[in-house]
Structure formats: C-alpha cells, structure tokens
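Notes to accompany the following structure.
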Amino acid sequence: MNNQFEKRSDFVVVANRLSVDRVVADDGSETWRTSPGGLVTALEPVMQSRRGSAWVGWPGSPDEELEPFVHDGIQLVPVSLSAQDVTEYYEGFSNATLWPLFHDGVAFPEYHREWWDAYVRVNRRFAEAAAAVAAEGAQVWVQDYQLLLVPRMLRTLRPDLYIGFFLHIPFPPMELFVQLPWRAEILDGLLGSDLVGFQIAGGASNFIHLVSERLGYPTGDDTVTLPDGRVCAARAYPISIPTQRFADLAADPAVQERAREIRAELDDPELLFLGVDRLDYTKGIKHRLRAFGELVTSGQLDPDRAAFLQVATPSRERVEEYKMLRDEIDRIVGRINGSVGRIGRQPVTYLHTHYPREEMVAMYSAADVMVVSPLRDGMNLVAKEYIACRRNGDGALVLSEFTGAADELSEWTYSINPYDINGMKATMLRAATDAPEERQRRMAALREQVFTHDIDRWAESFLADMG
Ligand code: ADP
Ligand code: F6P
C-alpha cells in the first residue's frame, strides 16, 4: 500500500465496499483483506488493468476516516460510514429491505422510513465522493443495489460525466418491486445513468416494463427516453470471472498438492461433494444439505464413501435472518453427522470462515461434484470458478435453475429446482454416477463458455456501450 494518489481519474468505479476491508488485529496492527462477495472477485482485475482508475467505497468498518491510498495498483477512495449508517443504510435498507425483495421475497422485506432516510443520505455521500474524484468527461461506473440513487445524484452534480450502473443481483418483476414505498425515487435514481446493466435479459425487460407502466416514459426494446430528451439504455451483461487466473492457479503444483491433501484430510472419500457460498439464505445451503443428508441416511449414498464439504464465508452477521440461518445450518449439520457419522468419519464437514483464493481453488480441484443451489441468485460466480479450475475436464456441476449462471450454462449442467428436494437428490446422484465420458462432454462445453466469456469481455462490452 502507498499514498501516491492521483487526484482525478478518467475511470471511476463506485461500490458499497472497497476491494479490500481494513482488519485491525488485537495488538492494533492493521492489514487489508479482500472484501467478501462476487462483486470484488469480478471488478478487481478490471480495475488492476486500468491504471490510474479510482475505486470509491466503504472500508468495511464503522467510523473509519481514511485518506485515499493505493493498494494492488488501484487508487482507493474511502467513504466513511458511521455506526448508525451501517445499521440503517447497510444492514437495514440494503440488506433487510432491498436484498430480500430483489431475491423473490425469499425472506420478508422490512420497510422503515428511517432506513430509507439513511439510504438517501449515504447515497448522496457516495455521489459527492465520486463527483470529487472524476475528471472532466470521465466514465463513472456505479455498482449494485446499495447505490441505486447515485446515478441521478451524480448527474445533477456532474452533467459532464458518462454514467453507467450495473446491478449484480436480480431485478424483480413488477409485482414485487411495486411493494417499495420509494419505488418512483429508485427508478428515477437509476434513470440518471446512460446505461443500466443487468445480469440477465429478464432483469432489463422488468426494468423497462416498470418505467413504462409506472412513470409513463416512452420506451423502446432496451431504451427509455426521459422528459429532457436524454436516452437511458437497459441491457443484459452477464458478469464473469478472470477465468485464466483461476485456471493458472489450478495448474500450480502447490495447489494441486493441496487438493490431494484436502481429500486425504477428509479421509479419502470416493465421492466428494462441495458447496461454497457466503452464508446467505438465498444460496439454498439448507436445501442442499438436507438433500445430501437424506441420501446418506437412506443409504442411497454410502456415508463411508461419500462426503460433503461445505464452506460458508461469514456475511452480514448482525442481520437477524443471517443469525437464524447460521443456527439452522449448525443444527442440520449436527443432525446428519450425529445420525450417520462414526468416530473418525463425518459425512459433512462445515467450515464457517473466509479462505485465501489458493485454498478455494484447491477445494474446487479436489471436488467431484459441485452443488450450487440458490433459491435466487443474480449470477453466481462460484459456479464459473469451479468450471475454470477443472483442468482435466472432469467433475460435474449441479446448478439451480434460479441463478443467472443457469441462463448461460444450464444446457450442460445438472440442473435443479432447489425447492424440489427429491428432484435434487436424484440429480445429485446422477451427477455423481454418470459415465465419465458424459461428464467430460458437459464439462468441455462449460469450459468453452466460461473461457470465451470472461470478465474482460464483460467489462469491455459494457464500457464500449456506455460511451
Ligand atoms: P455473492 O456475490 O452473492 O457472494 P458469488 O458466487 O457470485 O456470490 O461470489 C462469491 C465469491 O466469494 C466468489 O468469488 C467465491 O470464490 C468467494 N468466496 C465464497 N466463499 C468463500 C470463502 N469461504 N472464502 C473465500 N472466498 C469465498
Ligand atoms: O452482489 C452481491 C453482493 O451483495 C455485493 O454487492 C457485495 O459486495 C457482496 O455481495 C458481499 O456482500 P456484503 O458487502 O454485504 O458483505
């Protein structure tokens, strides 16, 4: 890290979090750790390849007043949040109102006027920080549901900028969106952009339909004409990963050795299933563990030969739904291991912690079957990471039809509806027992898709369309 900060940038990303979180140890020493979630996995390489660009975001803890600094070649511009902002804007409106509402209402969205006030206040702070750092005529790319109001606020402050917005999570159908007491303000916030990007075509068409029905603005297939004559476009740009970086790591002999060690430490199962997620109720972790649990307790899978490794990085731990989820998963894992485990052999290994990229890649390399079972997910990068790491072309991906990734990949994955536990059990068994040639055929097609549609292609196509 250093502080050689170039003041104004031609390319600025604005996201709730910076690419790194500040971590202070008990002895007061400070380190920076990659922030959780797919947004950072995707955007970090995009920013590293654009010298002099700036990333405006929150450093991950309350009441941090930090000067801009450079980390891993990216200029970071910290935005401070007070403890009250964290409670009301981040945990409240972002993660207890918008997050559940935009994910099909799989948890109950809460509507509180003081959370909304905080959301407006904090969005203004991000818009002001971006306005201060952007050079004349710069491209500013605002990210995700925490900052839906920033495009309009920024356009008011800096009409000279090109403003793009990308939504990493699903955009809901009109019937759900209109629950929001502040629906018109949010649509207007997004319409401050020149281009709004969604993960899948359905999100873009939900947005255009809403704007037409609720605001009455003229719309085309993928455009809205605003009262001042400006045009805002809305299209799908399915996000991806730095595929080659994952493939290179998977080819590293040290990582391959670690993959062998992981299997050995799990008592060398013949069949290893893997789940990797933020600990989030949208990810369907309970559903997949329940399916695996029934397979081993019924004897359809031999608990002496099959194992499930579930890794869940801690997330939003003070939000009530996340606390309840953590307890429930502890209980489900305990029940499975208690009923079919024996001394020295537990069918489910559950790790609630964050790991370095090398360890994640070793896990992907070690696993025979990856189970990705969200109830709803904008994209799901974990699915793509698994594919990138299968350098021998083996392995099988079980993928929920309710992910953005399924739009691109479901032709070759073992596709599931995670609400259908019997269907999921049958598909997990099939993924595990299909002929090796069939699994190779599917994996070859998946790899072709993920290598040709990587994160560079995603960023280039969005930025070229943005102007
Ligand atoms: P989301 O953005 O909702 O968290 P994604 O699947 O798109 O979901 O992205 C999750 C990202 O977090 C991936 O890049 C994955 O490698 C990373 N990740 C998930 N679990 C862990 C973990 N336990 N330790 C480190 N990284 C993790
Ligand atoms: O789109 C998924 C996302 O919400 C990102 O915006 C975010 O960076 C990531 O998940 C992790 O969530 P959080 O920042 O709340 O820990």
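The values are calculated or read from the model by the stated rules, or taken from the named source; none is laboratory data. What you see is a predicted model; the values in this text were computed from it and never measured. In this analysis, Cβ positions are derived from the backbone assuming ideal geometry, glycine residues included, and neighbour counts consider all displayed protein chains. The protein model used for the area step is the full one, side chains on, heavy atoms only, and it has no ligands, DNA or RNA in it. Shrake-Rupley method; radii C 1.70, N 1.55, O 1.52, S 1.80 Å.
Considering the conditions (1) over 25 Å from the mean Cα position of the chain (by Cα); (2) at pLDDT 95 or above; (3) closer than 30 Å to Ala234 by Cβ, Gly467 is excluded by exactly one of them, (2).
Taking the stretch 168-257 as the region of interest, the strands (runs of 3 or more DSSP E) fully inside it that hold 1 or more residues being among the hydrophobic types (A, V, I, L, M, F, W, C) and surrounded by fewer than 20 Cβ atoms within 10 Å (Cβ to Cβ) are 231-236.
Considering Asp407, Asp394, Asp420, the condition of being in contact with a Lys or Arg (Cβ under 7 Å, 6 or more places away or on another chain) and not hydroxyl-bearing (Ser, Thr, Tyr) is satisfied by Asp394 alone. Scanning the stretch 24-49 for residues that are open to solvent by 20 Å² or more (accessible area, probe 1.4 Å), within 14 Å of ligand 2 (Cβ to nearest atom) and among the aliphatic types (A, V, I, L, M) yields a single hit, Leu39. Across the stretch 87-117, the number of residues qualifying as β-branched (Val, Ile, Thr) and either more than 16 Å from ligand 2 (Cβ to nearest atom) or not in a helix (DSSP H, G or I) (or both) comes to 1. Of all the residues that make up the stretch 273-288, how many are part of a helix (DSSP H, G or I) and more than 9 Å from ligand 1 (Cβ to nearest atom)? Result for the stretch 273-288: 5. For the stretch 300-399, give me every one of the strands (runs of 3 or more DSSP E) that falls completely inside it and has 2 or more residues that are of a type in the set (Ser, Thr, Tyr) and more than 9 Å from ligand 1 (Cβ to nearest atom). In the stretch 300-399, 348-351 are the strands (runs of 3 or more DSSP E) which contain 2 or more residues that are of a type in the set (Ser, Thr, Tyr) and more than 9 Å from ligand 1 (Cβ to nearest atom). Count of the stretch 153-167 residues, restricted to those that are buried (at least 18 other Cβ atoms within 10 Å of the Cβ) and of a type in the set (D, E, K, R), is 2.
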